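K.L.:
The structure is given below, and queries will be raised subsequently.
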Amino acid sequence: DYLLLVGDLATAGCGFEGSPSSEAELLELGQLLRDASPRLQLVEQPTPCSAADRRGQLTGREQVIVAAAMDEAINASARGVGVCAAANCRAVPVEVTPSFVALSWHCPVVFDLLDDDRDP
């Protein structure tokens, strides 16, 4: 089975008192994926940030999800690039990165999977 989902799944927490934290949202997402049929999994991201909030704090928002049975994704990787990687996920003053305001608060994410069709 082939399934590849890439997107902003809004797992950054919302910061209101009593609301789930980013970590709690990611744990819940992980459980939902494990319980799905077919089973799904998050692709590990060595750069844990892929977007900025309006204060310039870098957070992880984009996730890459694949079908657990997808052999081509066994050693898949995803990484945030651009400002997120250059800043090593440290806060970046918004005035230093006008692209966040003018274009997008999200950094590009590069997804790599095995370049080999493994269909039976």
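K.L.:
With respect to R34, determine if the residue is assigned to a loop (DSSP other than H, G, I, E, B) and among the basic types (K, R). If you could, list the steps in order and put the result at the bottom.
P.N.:
Working: assigned to a loop (DSSP other than H, G, I, E, B): no; among the basic types (K, R): yes.
So R34 does not fit the description; no.
K.L.:
Still on this structure, please answer the following. What are the pairs, 6+ residues apart or on separate chains, where a residue within region 62-74 that is closer than 18 Å to D35 by Cβ has its Cβ under 9 Å from a residue that is of a type in the set (S, T, N, Q)?
P.N.:
The qualifying pairs are Q63/T11; Q63/Q45; Q63/S50; I65/Q41; V66/Q41; A67/Q41; A68/Q41.
K.L.:
How many of the residues making up region 41-50 are modelled with pLDDT of 75 or more and closer than 15 Å to A85 by Cβ? Walk me through it before giving the result.
P.N.:
If we filter region 41-50 for residues that are modelled with pLDDT of 75 or more, which is where we start, we get 41-44, 49-50.
Next cut, closer than 15 Å to A85 by Cβ only: 49-50.
Summing the residues that are modelled with pLDDT of 75 or more and closer than 15 Å to A85 by Cβ in region 41-50 gives 2.
K.L.:
Condition first: of a type in the set (A, V, I, L, M, F, W, C), crowded, with 18+ Cβ neighbours inside 10 Å, modelled with pLDDT under 80 and not in a loop (DSSP other than H, G, I, E, B). Can you find one or more residues in region 102-109 that meet it?
P.N.:
Quick first cut of region 102-109, residues of a type in the set (A, V, I, L, M, F, W, C) only: 102-103, 105, 107, 109.
Then drop every residue that is not crowded, with 18+ Cβ neighbours inside 10 Å, which leaves 105, 107, 109.
Add one more test, that the residue is modelled with pLDDT under 80, and what stays is 105, 107.
If we keep only those that are not in a loop (DSSP other than H, G, I, E, B) too, we end up with none.
Among the residues of region 102-109, not one is of a type in the set (A, V, I, L, M, F, W, C), crowded, with 18+ Cβ neighbours inside 10 Å, modelled with pLDDT under 80 and not in a loop (DSSP other than H, G, I, E, B), which makes the answer no.
K.L.:
Looking for something under 28 Å from A24 (Cβ atoms) and buried (at least 18 other Cβ atoms within 10 Å of the Cβ) - is there at least one such residue anywhere in region 110-119?
P.N.:
Scanning region 110-119 turns up no residue that is under 28 Å from A24 (Cβ atoms) and buried (at least 18 other Cβ atoms within 10 Å of the Cβ).
K.L.:
Separate question: The conditions are (1) touching a strand residue (DSSP E or B) at 6+ places or on another chain (Cβ under 9 Å); (2) in a loop (DSSP other than H, G, I, E, B); (3) modelled with pLDDT under 80; (4) not acidic (D, E), and Q63 fails exactly one of them. Which is it?
P.N.:
(2)
K.L.:
Follow-up question, since we're still on this one. On the basis of being surrounded by fewer than 16 Cβ atoms within 10 Å (Cβ to Cβ) and either under 19 Å from V6 (Cα atoms) or of a type outside the set (F, W, Y) (or both), does E72 make the cut?
P.N.:
Details: surrounded by fewer than 16 Cβ atoms within 10 Å (Cβ to Cβ): no; either under 19 Å from V6 (Cα atoms) or of a type outside the set (F, W, Y) (or both): yes.
No, not satisfied.
K.L.:
Going by what's in this entry, would S99 be described as more than 15 Å from P48 (Cβ to Cβ) and surrounded by fewer than 16 Cβ atoms within 10 Å (Cβ to Cβ)? Step through it out loud before you land on a result.
P.N.:
Numbers: more than 15 Å from P48 (Cβ to Cβ): yes; surrounded by fewer than 16 Cβ atoms within 10 Å (Cβ to Cβ): yes.
Answer is yes for this residue.
K.L.:
What pairs can you find where one residue is in region 16-40 and within 14 Å of Q63 (Cβ to Cβ) and at pLDDT below 80, the other is exposed (fewer than 14 other Cβ atoms within 10 Å of the Cβ) and aliphatic (A, V, I, L, M), and their Cβ atoms are less than 9 Å apart, with a gap of 6+ or different chains?
P.N.:
E25/A10
The values are calculated or read from the model by the stated rules, or taken from the named source; none is laboratory data. In this text, all values refer to a predicted model and were calculated from it rather than measured experimentally. Heads up, the Cβs are rebuilt from the backbone with ideal geometry, glycines too, and the neighbour counts pull from every protein chain shown.
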